[in-house]
Amino acid sequence: EAGVTQFPSHSVIEKGQTVTLRCDPISGHDNLYWYRRVMGKEIKFLLHFVKESKQDESGMPNNRFLAERTGGTYSTLKVQPAELEDSGVYFCASRGLIGELFFGEGSRLTVL
Amino acid sequence: DAKTTQPPSMDCAEGRAANLPCNHSTISGNEYVYWYRQIHSQGPQYIIHGLKNNETNEMASLIITEDRKSSTLILPHATLRDTAVYYCIVRVDPGGGNKLTFGTGTQLKVEL
């Protein structure tokens with residue numbers, strides 16, 4: 001069974017540009033989460049989807065971040081325009097039957 | 001979710017048991033104890049969780065004190081590949097939508 005996959009693994013962009021990160025959860029998992037770790041900080045929750053609906057987006061830092069999950073399958077996280085402080089690793093996870101989260105390998109974002 | 005306290009770092013000899021403590025003195029009756037780990041810069045990995053009974057799976061054992069104010073994750077025969085940051089997380093409901101709150105965790109270093 002394929003795990004959670006994320007693309008790209010690493011993205012380097014200039015300040016002000018746009019980046020879109022993609023997450024493919026484990027097939028059949030309705031619950032999908034985005035987290036991020038910025039340099040030197042703890043892993044922080046961004047938002048939670050149940051199928052295509054946003055269940056909790058309390059961790060989204062500001063309106064430069066837009067997450068979608070059209071059709072309830074894969075999800076995208078767009079940062080527009082990117083700022084220096086957005087640099088970090090963005091993790092996606094989907095939830096299994098006993099409540100455990102399966103995380104992807106992360107997408108490292110570097111904003112120059 | 002209840003706050004957890006973990007030692008920042010621990011060392012363990014390869015082949016020995018690694019015992020990672022966690023204090024969660026403000027835990028509520030309906031809160032579960034979860035353990036995750038992050039190996040280097042990979043995505044976090046679920047290890048085990050429990051409510052009040054001790055639990056064991058192929059990865060580890062979880063010992064929860066009778067008053068539930070603390071717990072210990074036990075890796076029975078630590079290997080070099082177990083070197084990682086281990087996170088103890090308390091949350092309400094494994095079936096609910098609650099986000100995970102990662103703290104700073106314990107950096108476990110397994111050495112020859």
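Bear in mind these aren't lab numbers, they're just calculated from the coordinates by the rules spelled out. Since the model is a prediction, treat every value here as computed from it, not as a measurement. Neighbour counts are summed over all protein chains in view; Cβ atoms, including those assigned to glycine, are modelled from backbone coordinates with ideal geometry.
Descriptive notes on the structure:
- Cα gyration tensor shape of chain B, rounded if a/c is under 1.5, else prolate or oblate by comparing a/b with b/c: prolate
- When the inverse distances between all different Cα atoms of region B:1-54 are averaged and flipped, the Kirkwood radius reads 13.2 angstrom.
- Cα-Cα pairs of the protein assembly as shown separated by more than 33 Å (percent): 17 percent
- Packing-based exposure ordering (other Cβ within 10 Å, fewest first) of B:D67, A:D30: B:D67, A:D30
- This ranking places A:H29, A:H10 by how few other beta-carbon atoms lie within 10 Å of each, fewest first, which gives A:H10, A:H29.
- Loop exposure criterion: trypsin sites (Lys or Arg not before Pro), DSSP state outside H, G, I, E and B, at most 15 other Cβ atoms within 10 Å. Applied to chain A, the longest stretch between such sites is A:65-112.
- Distance between region B:42-112 and region A:1-70 - C-alpha centres, whole angstrom: 24 Å
- Across region A:62-73, computed HN-Hα scalar couplings (Karplus, 6.51 cos²θ - 1.76 cosθ + 1.60, θ = phi - 60°) run 6, 7, 7, 9, 9, 10, 9, 8, 5, x, x, 9 Hz from first to last residue, x flagging Gly and Pro.
- Kirkwood hydrodynamic radius (C-alpha pairs) into Stokes-Einstein, region A:38-112, 37 °C and 0.692 mPa s, D in µm²/s: 245 µm²/s
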